[in-house]
Amino acid sequence: MNAQPNDELSAVVDSINSKTAEPSVQTILDRIRKDPNICCFCGTPYDSRVPGYCVKCQKFPMTAEPMYWTEQQKYTAMWSHDQYRGVAPGEQIAPEFLNVARPRNGATVIDFGAGTGRGSRAIAILANLAGIDLHIEMLDFAANALDEDVVELCKQEGATTLRFRQHDLTKPVGINAPYGFCTDVMEHIPPEQVDLVLTNILQAAQHVFFQISCTDDACGALIGHTLHLSVHEPAWWKKKLEDLGCTIHYWQESDEYCLAYVTAWSDGQDVVDVGMLNIAEEAIRTNVRTNLRAGWHQVMPHSPQSTEVMILGGGPSLAGQLDTIKRMRFEGKKLVTLNGAYNWAIEQGLEVSAQIVVDARPHNARFTKPVQASTIYLMGSQVDPSVLEGLPKERTLLWHTTAESIRDILEEECPGKWFGVPGGSTVLLRAIPLLRMLGYSRFHLFGMDSCVTADAHHAYSQPENDGVPLFPATVGGRVFQCTAWQVAQAQEFMNLIRVMGNMFEIQVHGDGLLGWILQHGAQVDIDLEEAREESER
């Protein structure tokens, strides 16, 4: 006895039958039962590359008209059209990904929504030419997406490998990698699934490079479907990434697209966001609002560059490094100073490339005087307005912490146009992510001791730090005398390295606590919360 036709299938078939005289409903059902490998409408064998898809009818007969297709079926149909393969955005943007991410040799890259695979192929080839071998995991929920030559590359073994896995990004990825690559994917995601897909991507890769189209699609006409379902302006995508906890290290935008390099990862303790020391929160909010309304330019992410940067802090070892600093400055390395190291550098006859201040107390105004002719002043938006007095507008830029307590002001005063700088509770821990956002990734740290030596807490006079209690911190068998804030800085420095360490290279000059930590990979044997509580007392 023949089974009764499925009511839902019959309804779908009836809707098609109303548009075509042939074949009849019974003929269609008979064909489905007789041979599932032929089209139930026209009797043509299915395309072997696309199971269940009829090239002649340009649809999936088992689910009837294109209007009933799932997203997966829609793109499986799209990849059967050579016109859709004509342009591979990932292939075009691959050099920028390598320039921004600078993946380490032997690292894994996940290509989310790999499509033709030509983007991954370009990454592998260009990286290999630079002497870098990568393992690239390509994910796409259309089994027929890859170009045939990429399919062949997936079969090869070697130091550089490409592998493909059919996967739906609305499901957890199941693997992790330090780098992610996601180009022209997010605009295709149904609006109700954008948060879910972004979350799965951000959880799978520590740092992710996004390219997102902000325009309507043209190729959907091939199958009678709209492909770009989530079309938004760049500011919308920026806010979406920030709302999901992303730190944006790199950003570019135009009317047609936006590029972003972000991370939403942290470990143990987050990359802490204190950055507001020794002053009431309301005073900080007032400073931020006042400074934003004064019309100062703001820091924006820049493309990576190879110039090396010296960062000068005020630790006791700074004075003994003067000859090295002068030599490296003569060689063309940038010289960035923090707080009072600015005045010290000027006294030594050094030309300062940039000065960074974040502390919100009024007495820090002395750290921007005198004004040098070519120095760029990178001022935290929370600084007291007196710190900004007399600075040249064309060479002074505000940058912002990512603290929740000022986020509402930033959104009110410059919606979608500000970029948060993560970091820790000291100016050094902000300076490194800030300079990385500006494109620098090779740092030499001077005067970054994070400890006291020979009863000196700075290489120059800084009376407000006189008489601060000291206590021992043991690192790798060596005992350092530290203030509470110095121990906290050392702990936060280690967290910064763990979270962002693959984004930059650091050499610490001198024999202080931070250099010892990097040399020995050691932990500070003291409780961070105890140090913070002592610092507050």
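Mean sequence separation of contacting Cα pairs (under 8 Å, at least six apart), scaled by the length of segment 281-536, corresponds to a relative contact order of 23 percent. In order along segment 178-194, the Karplus-derived 3J(HN,Hα) couplings, from 6.51 cos²θ - 1.76 cosθ + 1.60 at θ = phi - 60°, round to x, 10, x, 9, 9, 10, 6, 10, 4, 5, 8, 7, x, x, 6, 10, 4 Hz, and Gly and Pro are given as x. Peptides 87-95, 392-400, 350-358, ordered by how many other C-beta atoms sit within 10 Å of their residues on average, highest first, read 350-358, 87-95, 392-400. Centre-to-centre separation between the Cα atoms of segment 172-198 and those of segment 277-317: 32 Å.
DSSP beta bridges confined to segment 375-498 are antiparallel in about 55 percent of cases. Measuring against 25 Å, Cα to Cα, the residue pairs Lys238/Lys369; Lys240/Lys393; Lys369/Lys417; Lys56/Lys171; Lys334/Lys369 contain Lys238/Lys369; Lys240/Lys393; Lys369/Lys417; Lys56/Lys171 as the ones spanning a longer distance.
Taking Cα centre as origin and charging only the Cβ of basic (Lys, Arg, +1) and acidic (Asp, Glu, -1) residues, the dipole magnitude of segment 281-536 rounds to 1120 debye. Protection proxy ranking of 331-339, 428-436, by the mean of other Cβ atoms within 10 Å over each peptide's residues and highest first, is 428-436, 331-339. The order of the peptides 437-446, 375-384 by mean Cβ neighbours within 10 Å, most packed first, is 375-384, 437-446.
Amide H contacts for Gly180 (H built 1.01 Å from N in the peptide plane; partners 5 or more residues away or on another chain; cut-off under 5 Å): Ile110, His207, Val208, Phe209. Ranked from largest, the principal axis spans of the Cα set of segment 84-263 equal 40, 38, 29 Å.
Taken along its principal axes, the alpha carbon cloud of segment 425-488 reaches lengths of 38, 31, 19 Å, longest axis first. For segment 281-536, the Kirkwood hydrodynamic radius from C-alpha pairs, put into Stokes-Einstein at 37 °C and a viscosity of 0.692 mPa s, yields a diffusion coefficient of 176 µm² per second. Got the relative contact order for segment 125-261 handy, in percent, Cα pairs under 8 Å and 6 or more residues apart? Rounded, it is 19 percent for segment 125-261. Pairs of Cα atoms nearer than 8 Å and 6+ residues apart set the relative contact order; for segment 383-449 it is 22 percent. For segment 123-183, a Kirkwood radius taken over Cα pairs fed into Stokes-Einstein (4 °C, viscosity 1.567 mPa s) yields D = 101 µm²/s.
For segment 331-371 versus segment 481-523, the inter-centroid distance based on Cα atoms is 22 Å.
Each value in this text was obtained by applying a stated rule to the coordinates, not by laboratory testing. Bear in mind the structure is a predicted one, so any value in this text is a computation, not a measurement. For neighbour counting, all protein chains shown are included, and Cβ atoms are generated from backbone atoms with ideal geometry for every residue, glycine included.
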